[in-house]
Structures are given as structure tokens and as C-alpha cells.
Amino acid sequence: MRTLRVALLGAPSIEVDGLPLAVDTRKATAVFALLALSGHGLTRAAIAEMLWPELDGERSRSALRRTLSTLRSGLGDGRLISDRASVSLNLDGAWFDLGEFRAVAGEVGADAATLAAAADLHRGDLLEGFGLRDAVQFDDWQRDAQDAVRRERAALLDRLIERLDTELRPEDAIVRARERLALDGLHEPTHRRLIELYAAVGRRGDAFEQYRECVRVLDRELGVQPLSATTELYNAISAGIELREVEQAPAQPAGELPLVGRADELTRLLDAFAAIDRDGHFALVEGESGVGKTRLAEEAIQQLRRRGVGVLTGQPHAGERGLAYGVMAQLLRAACADRPPDSPTLRSEAARLLPDLGVAPVSALDEPGARLRFLESMSSLIADAFGEAAGVVFVDDLHLCDAASLDALAYLARRLEGRHLMILGARRTDEPDPDHRCASLAVLAERIVLARLARENVLALAQRSGLDESAADQLFLDTDGLPLYVAELLGRGGEAGGGGVRAALEARLDEVSEAGTQVLATAALIGRAFDAEIVRSASGRSDDEVVVALDELTTRGLIVERDEAYDFGHERLRAIAEERVGLARRRLLHHRIADALLARRADPAIVARHLELAGRDDEAALAHAAAGESARGLLAGTEAIAHFGAAIALGHAEKASLYEAIGDVSVLRGEYRDALAAYDAAGAAGVAADRGRLEQKVGAVHERRGDWQLAASHYEQALALGADPPSVQADRSRVAWRQGDAVRARAIGLEALALAEQAADPRAAAQAHNILGLVGEGRTHLEESLAIATELDDAAVRIAALNNLARDLTREGDLVRARELLGAALELCRRQGDLHHEAALHNNLADVLHKAGASDEAMEELKSAVAVFARIGAEDEELRPGVWSLADW
């Protein structure tokens, strides 16, 4: 077997028999690195997907086969081992720098010389200077691998410094400590060790300068002063005295009050779960902030868990309201953790939110049936996560939930029949609900409204804590029975003090150590559930400091562990912790949080918020625009408009396209005044070539509003400004028909068809055939319109074709086919999110059902039509009567 020497700690160097490995592509080196670092075989599918993401399955596997052939030839026989499914690398007898390093790192009693030799193997970062331009997954893997190796190197250097100090070699220890600091300039323990080492060899000036460097870097990067241990070390050296370690008082555990005054509500929750052996149930705990909603829900969940019941939890956060389906993604991840979906279809749909599950469907959610499949897949995965057993899905703080997740939860809540599932939610009733989504969701639930504790409940809690009756009465007066306040004041002996309950909360934060305070501030600004790694990256504290701080904060009850992450025990504590962060440090922390999230390729909606708060407006604008497109793709209009608006406000260079996108989303939502304002702004900010297209869109809005004359005027102007002639002529034909001029409508429609055929434009041809059928030129045109539209990737054209053919069939008495076509159109329309046309389709379907003698069904469709119509143009005082009779388009 040929000799092999592999050096990946720095720029990659692979030598075979003393010569560089002969391969013709960087992808071959990437494959080698993947196999060398994995230590075991990798599947062909995983390698192909990582390195050739732009190719389909067969083409990526073919590219991998060619690369493996090149690699096998370069390495010689016996090194590359592969079969039809997997590939591995045989490194027996080879010299591998990372392997040598890790072997020493694993030796418990390695001496200084051995540790130093291992440290010197690092010529730089893992695969330094190497990268692939077209393989994002490989970049992510390389970044994570580099970070892991950097940590291993730091840990070995810490051991080496300690060993050199023990062997009384302080000058050598100083050299290695400076190497350690070069890895992480914010590692305060190394700053302290350097100060001690300089002092030990009499270099007091260097010790003082090291302290000043520590102060500078912490202030510049984190906006904080050194910890007291560092300052005390500096002061001791300045005074020429030996530093005595100051022991920190252990954190006092935070007690939890027993649940009182909630027996009836708890019984209702447990009884509701007991009844789901027949059908599922949705229960919602409501009340003001601090009234004990989460406490009650968690007590019920604890009792159910003791019975072996499975629970999935979702936790919305205020900072994630712009993240479409953020809560559903949490629930899906929990549901798939132990039971990954076997069905390729379910895995693919779930991958829209969880890319690590596989490849998401190519189809957009606004394509026919796509959103229904998506919602149904999410519902099935969550409902089936417990197998044959009954389970609970708990979502706390529903008032903080993103709009798309609320819609998805409502979809699941309407489909609990035959499912052994209980949805349990909690929400504040003293929070604004501008879109009435929480209220709409609450209608579907059994609502359990919590009031404040009665006087006898507070007195019972006070007596358990040893307060006399007078103090207990004062406690009730101070808290007015709000459980959060009762718990805080009882935790401080029942004394409210001069500042009341807020002072009690502040006092709890004052007791936290310096490192704990810094970690807590970072967590408060993250504004969401956080893990140890992201708070470490953003806070700048060392691994050990973060671990100790998290233990302290958990012990004190300021944060709680939830599903391998951490969160605040109560939002009010988080808000106060955030308020205590100074403005300068707040911006620095948001800067670091944004960088940590960017490194993880986190959702742009979350990244955008931190970039904006860090003052990085240009990057924030791009992230908001990306988040808007992502939300629009998921048909989350509220979030899409908010992100597009934020991008504009932050100075995004493509303001015109963003305004146009806001207009397009607003049209589908029936918000016509907003749509017109957005299109006007797009025209003002854009270029002349776009004005015809925008003018046509303005005309379409006025047509929806029932102002035929104004619509016709804008369509004529669009034509003059260079809009697509076949499409505009089809629109002009339809408006002429609405105005009662059938002759003119027919003439313009025929011209539109001729132009479309001349331009070989199938979309315009479908529109022209549609309008010609509408003005009475025969059903053949309507059938042809539908045939063309079925082949197009354009839901709006297909909906119009289905609707108008169904209307014609209804007039001829073919009610069965008419009902079928309207049902298909209605499904498409719901998926597209077009409220106005959805209402019209309900109305048209009611007409068919009435003629078929299905009066009850017809009435239900009419009710649906009225409900949807009521949401259209709610603030538009200029809607014309024609808007309500829209039936054909």
C-alpha cells in the first residue's frame, strides 16, 4: 500500500509516496476531508447531496462516481473503500495530523513536551483557505468542524499552560498562553493567567498592560468590565500582595409555590384529556399576565406525564413573530425527533420547515393543493407523533405566536375528530390581538379563564411561608391576588418594600454573579429559547463560565430548562433583564448574536431583527427582504408585508420591487387601499420600463373594487406605457363586458387572442379564451382556456378558467360538473390566499347547490361567502356595489 501523509490542520496537504495527491477537482479534496474527519463510512447519497446540491439525484451520484474514480486513482489500491451505498477511507499506516493531535489530547498524563508537540501540529485552522463556492452544506460542515477542532486545540493549550506552570517554566507558559488568547481574545481566564505569569517572572509592566488589554477588548467587543476576580488580581499585583480567592455565596434555589385555588380548572383539563379516547380536544387557558396560566398547564402536564402520556411543546417568543411557522417548526422537530417520518411525501413536506429532514418539494405553496398538503402533512406528523397512544401538544404564550402558526394550529384544531390528541394552549388576554387571530382560534377551544387568587388562597400560601395573619393581609393588598406577585414577595419574606413587586424582581437579578449577569443579559436580548452554545458565542464568556452561569441562573429560578434549551421563567423577568442592559452594550450584544445566528444560517427573520438592533442596516434590509420572500412562499401574508416594509425602511436598494411585492400580497388579502398605495410607491421608486406593468396591476385593483370606469382608464394607460399587449387587451375586454358593451368586449377579446397566438404566449391565450367565453363566444373558448391553464404554473389563470366554465355549465343545467369545477377552484383559491375570489366561489357554489336542491349546503356556502366578503376592503370607503356581485372574472 502506498505511503500516505495527511495534514489538514492548516491549508490541506495530502501526499502519496512523498508527492502531492493528483486530483483534478477541489470536490475530490472535499470528499477526502469528509471521509478523513468522519472516522467512518458515509453514504453516497449524503456526500452527493452535500457536494452537488444543484444537481438532481442521478446527476449528483454520477458526479460523485467520477470524483471517487479520480480519488481512487490518486490514492492507490486499498485506501478508498466503497460499495453501492457507502464510501469510507482506510488510513491504516498513514500519518494524519489531526489523528496524531487527538491521540495526545486523549492522554490523561501527557507531559509538557508531548502536549507541546501536539499543539505545534496546528499550522492554522482546519482546512484553512479551502472552500467550495457551490456547496452550502459543505461550508456549514467545514465551519462546524473548524469550530470543534479549535475548541480541542484550546483545551489542549489550557492543559499545556498548566503543565508548564507546574514544571516552573513560566516563560514557556506565557508563550502558550498568548497562543491560547489568539484563539479567543475574549477568554478572560487566559487574560488572568497571563497577568499571573507576567507577575511571577517580575514583568509587572507586562502584567498591567495585559490587564489594560483585557479591559479594552471586553469593552470593545462586549461592552462590559472585567470580572471582579480579574480586577482583584490586578489590584493585588499593583499593591504587591498575594491574591486571596474570594468564595462566592452559592445561589439560593428558587422555590415554587403550591398550586392553590385552581382545583376546578385542573380537573377540567384532566377530564378533557380523559375524554380524547373518542375524539381529540382543544383546551385554552386564558387570563392576564402573571395569573398562573403556564403554572396550571404545567401542573396538568406533569400529572399526565407521570401517567406515561407523551407531550410536545412549543414556545413562541416576541422576537420571533416575524418567523412564519416558527412554532410549528418547533412542534415538528419534537415530533420527528423520536419518530422520523417513513413516508417520503411527509418527509419532503416537513423539510419545508426542517431542511435537515431532506429535500423540500420544488412546488411553491401557492400551487394547486400545495398548501393543503403542507398543512395536512404537518397536522399528521404532529398528531401521529405518539403512535397509537394519546398525547398532548402544549403551546404556551399563544399571544406571541406568529400568524402562520396560529392558522396552522387552527387547521389542526378543526381536524381532531378520531384523533387521540389534546391541544393545550395558554394566552394572555391583556395583550393586543390586532388581526383577531387569537380570538378566532379561541372560538375553537374549550376556554378556561383564570381569575386572580381570592383572599383565602393568598392567606393559605402566606401561612405556609410562616407569615402571620397581619402580614398575610398586607401581602394580599400588595399583590391584589396576582400569583406572580405573590410568589415574588413570598420569596422575599412577604415584604414588598418601597419599590413594590418590581423591586423584588430587581433584587433577584441583583443577587446574580457578574458572569451570570452577563449571560443573562445576552439571553434576554436573544429574546427566545436559547442553547448554551449560542449564548456562549454571543456573550463572549468561556465554556466553563457559561456552564456555571447557566447552573446558577437555573438554580435561582430565573431561567428554566426546556427540551435541551433554556428559557426565562417569566417574560417579565426577561424584560427587566433586558432593560438593565445599557444602550451601547445592547448594540454590541445584538451584533454578536446576529453573527452567531448567521454562522448557523438561522432563519433570516430572526437574523434580521438582531442585525437591525445592532445598527447594521444594510445587512438587516437584505435579511428582511429574504424573510419576506420566505413568508410569502409559505402564504404568510402578515409576516411578508411586515418584512418587506422593514427592508424598505432600512434602505434596501430594490425599493420598487419590494413595494410591488407588498401590493401583490395586499391584493390577495383584500386590502385594496394598501395595495394601491404600494403600487403607487413602486411606480415612484422604479424605472420607466416597469410602469406599464404596475399600471395594469392598479387597474386590476380598481376592477376588484367595482370601479369599471377607473379600471378601464388604467388599463388603457398601461397599454400606452408598454405593458404586455395580449394580457392588457384581455383585461380591457373583460371590463368592457362588465360595463355592458358586449360588442366592444368581443372585438377587444378577439384582438387579445390574436396577439397572444402571435406572441406564443399561453397565459395570455388562456385569458383571451376565457374572456371570449365569458362574452358569449361559446363554451369551446372556456374549455380551451381551462385546457391551456391546466398546463400553466399560474393558479390565478386556472381559477378563473374553472370558475367561468362552471358558471356556464350551471346556466346549462350541468350541475354535477359545475360543482366539481367550483370545488377545484375553491381549493386552489384557498391555497393561493385570494380572499375576494374565494368569497365569490363560495357564492357561486351556493348558487349551484341551491339549484340542485341542497338548500342546507347552499346556506353554509352563503355564510362562508359573507364571512370572507366581510374581510375584504374593511377600511376602504370607496368600494363600489359591483364588488359584492363579483361572479365571473
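The values are calculated or read from the model by the stated rules, or taken from the named source; none is laboratory data. What you are looking at is a predicted structure, and each value in this text was computed from that prediction instead of being measured. Positions of Cβ are backbone-derived with ideal geometry, glycine not excepted, and every protein chain shown enters the neighbour counts. Accessible surface areas use protein heavy atoms only, side chains included; no ligands, DNA or RNA. Shrake-Rupley method; radii C 1.70, N 1.55, O 1.52, S 1.80 Å.
Select from 346, 771, 758 the residue farthest towards the positive end of the dipole of the chain; place +1 on Cβ of Lys and Arg, -1 on Cβ of Asp and Glu, and compute about the Cα centre.
Final value for the positive-end residue is 758.
Distance between Cα centroids, segment 419-456 to segment 679-702: provide it in whole Å.
A separation of 43 Å, based on Cα centres.
Mind listing the phi-derived Karplus ³J(HN,Hα) values for segment 755-767, rounded to whole Hz, using 6.51, -1.76 and 1.60 with θ = phi - 60°, and x for any glycine or proline?
In residue order, the calculated couplings are 5, 5, 5, 5, 8, 6, 10, x, 4, 5, 5, 4, 5 Hz.
Ranked highest first by the average count of other Cβ atoms within 10 Å around their residues, in what order do 258-270, 220-232 fall? Before the final figure, lay out each step's value.
Numbers: 258-270: 15.7, 220-232: 17.6.
Ranking the peptides 258-270, 220-232 by packing returns 220-232, 258-270.
For segment 552-685, what is the accessible area per residue in Å², given a 1.4 Å probe and the full set of protein chains?
41
Run through segment 163-207 and list the GluC sites (Glu not before Pro) located in a DSSP loop whose Cβ has at most 16 other Cβ atoms within 10 Å.
Values: sites: 167, 171, 179, 196; in loops: 167.
Sites meeting the loop and neighbour criteria: 167.
Place a +1 charge on the Cβ of each Lys and Arg in segment 79-204 and a -1 charge on the Cβ of each Asp and Glu, then give the dipole magnitude about the Cα centre in debye, rounded to the nearest 20. All intermediate terms of the calculation are to be shown ahead of the outcome.
Numbers: 19 positive and 25 negative charges, 62 e Å.
For this selection, approximately 300 debye.
Per DSSP H run of at least 4 residues, take -39500 (n - 2.57); add these up for the chain, divide by its residues and hand me the 222 nm value, nearest 500 deg cm²/dmol.
Details: 41 runs with 543 residues, N = 889.
Here the helix-only value at 222 nm equals -19500 deg cm²/dmol.
Quick one: with all protein chains in place, what share of the accessible area of the chain is carbon or sulfur, to the nearest percent (1.4 Å probe)?
Details: 19630 of 39490 Å².
Exposed carbon and sulfur together represent 50 percent of the surface.
Given a Förster distance of 41 angstrom, what is the FRET efficiency for residue 688 paired with residue 851, based on the Cβ-Cβ distance and rounded to 0.05? Numbers along the way, then the final one.
Working: r = 50 Å, r/R0 = 1.23.
Here the calculated transfer efficiency is 0.20.
Could you run the Karplus curve 6.51 cos²θ - 1.76 cosθ + 1.60 with θ = phi - 60° over segment 704-716 and give me ³J(HN,Hα) per residue in whole Hz, x for Gly and Pro?
5, 6, x, 9, 5, 5, 5, 4, 4, 5, 5, 5, 5
From the phi angles alone, apply the Karplus equation (6.51, -1.76, 1.60; θ = phi - 60°) to segment 811-818 and give each ³J(HN,Hα) in whole Hz, x where the residue is Gly or Pro.
4, 8, x, 7, 6, 5, 5, 4
Loop only by DSSP, 12 or fewer other Cβ within 10 Å of the Cβ. Give me the GluC sites (Glu not before Pro) in segment 508-567 that pass, ordered by residue number. Provide the component values of the computation, followed by the final result.
Working: sites: 511, 514, 533, 545, 552, 561, 564; in loops: 511, 564.
Here the sparse-neighbourhood loop sites are 564.
Where in segment 265-287 does the amide nitrogen come within less than 12 Å of the point 7 Å from the Cα of residue 460, taken along Cα to Cβ?
Counting backbone N atoms under 12 Å from the label point, the list is 265.
Rounded, prolate or oblate for segment 413-556? Axes are the square roots of the Cα gyration tensor eigenvalues, ordered a ≥ b ≥ c, and the cut-off for rounded is a/c under 1.5. Mind showing how you got there, number by number?
Numbers: a/c = 2.23, a/b = 1.05, b/c = 2.12.
Since a/c reaches 1.5 but b/c is at least a/b, the shape of segment 413-556 is classed as oblate.
Using a Cα-Cα cut-off of under 30 Å, which lysines could be cross-linked to residue 655, ignoring same-chain neighbours fewer than 8 residues away?
697
By the gyration tensor of its Cα atoms, with a ≥ b ≥ c the square roots of the eigenvalues, what is the shape of the chain: rounded for a/c under 1.5, prolate for a/b over b/c, or oblate?
Working: a/c = 2.12, a/b = 1.41, b/c = 1.51.
Taking the square roots of the gyration eigenvalues as a ≥ b ≥ c, the chain is oblate.
May I ask you to give the solvent-accessible area per residue for segment 1-104, in square angstrom, as obtained with a 1.4 angstrom probe? Don't skip to the end; give the middle numbers.
On the way: 5060 Å² over 104 residues.
Counting only protein heavy atoms, the per-residue value for segment 1-104 is 49 Å².
On a C-alpha basis, how far is the centre of segment 757-816 from the centre of segment 324-348 in Å? Whole number, if you could?
Taking the Cα centre of segment 324-348 as reference, the centre of segment 757-816 is 39 Å away.
For residue 559, what residues show an amide H to amide H distance below 5 Å, using hydrogens built from the backbone and excluding near sequence neighbours?
554, 569
Among the lysines, which fall within straight-line cross-link reach of residue 851, defined as a Cα-Cα distance under 27 Å, with same-chain neighbours fewer than 8 residues apart omitted?
Of all the lysines, those that pass the test against residue 851 - Cα under 27 Å, at least 8 places apart if same chain - are 863.
Which Cα, out of 676, 406, 260, lies furthest along the positive dipole direction of the chain (beta carbon charges, K/R +1, D/E -1)?
Farthest towards the positive end: 676.
What trypsin sites (Lys or Arg not before Pro) in segment 295-327 are in a loop by DSSP, with at most 14 other Cβ atoms within 10 Å of the Cβ?
307
Please work out how much length the chain gains when fully extended from residue 389 to residue 480, using 0.36 nm per residue of separation minus the C-alpha to C-alpha distance, in nm with one decimal.
Numbers: separation 91, 0.36 × 91 = 32.76 nm, distance 4.23 nm.
Net length gain for the segment: 28.5 nm.
In segment 283-316, whose amide N lies under 12 Å from the spot 7 Å out along Cα-to-Cβ of residue 263? List them in ranges.
Hits in segment 283-316 for residue 263 at 12 Å: none.
Given axes a ≥ b ≥ c from the Cα gyration tensor, I'd like to know whether segment 293-429 is rounded (a/c under 1.5), prolate (a/b larger than b/c) or oblate. Don't skip to the end; give the middle numbers.
Values: a/c = 1.89, a/b = 1.32, b/c = 1.43.
It comes out oblate by the Cα gyration axes.
With an 8 Å Cα cut-off and a minimum separation of 6 or more residues, compute the relative contact order for segment 640-718 in percent. Before the final figure, lay out the partial values.
Details: 90 pairs, mean separation 18.1, N = 79.
Relative contact order, segment 640-718: 23 percent.
With a cut-off of 8 Å between alpha carbons and a minimum separation of six or more residues, what is the relative contact order of the chain in percent? Mind showing how you got there, number by number?
On the way: 1370 pairs, mean separation 70.4, N = 889.
Across the chain, relative contact order equals 8 percent.
In nm, to one decimal, how far is the residue 84 label point from the residue 140 one, both placed 7 Å along Cα→Cβ?
3.0
Please list, ordered by chain and number, the residues whose modelled amide H lies under 5 Å from the amide H of residue 282; skip anything fewer than 5 residues away on the same chain.
423, 446
Computed FRET efficiency, Cβ-Cβ of residue 511 and residue 147, R0 30 Å: what is it to the nearest 0.05? If you can, show how the numbers build up before the last one.
Working: r = 34 Å, r/R0 = 1.12.
Calculated value: 0.35.
Would you mind getting the accessible area per residue of segment 307-419, heavy atoms of the protein chains only, 1.4 Å probe, in Å²? Provide the component values of the computation, followed by the final result.
On the way: 4300 Å² over 113 residues.
Per residue, segment 307-419 has an accessible area of 38 Å².
Compute the FRET efficiency between residue 133 and residue 579 as 1/(1 + (r/R0)^6), taking r as their Cβ-Cβ distance and R0 = 51 Å, and round to the nearest 0.05. Don't skip to the answer; put the middle values down first.
Working: r = 44 Å, r/R0 = 0.87.
Working from the Cβ atoms, E equals 0.70.
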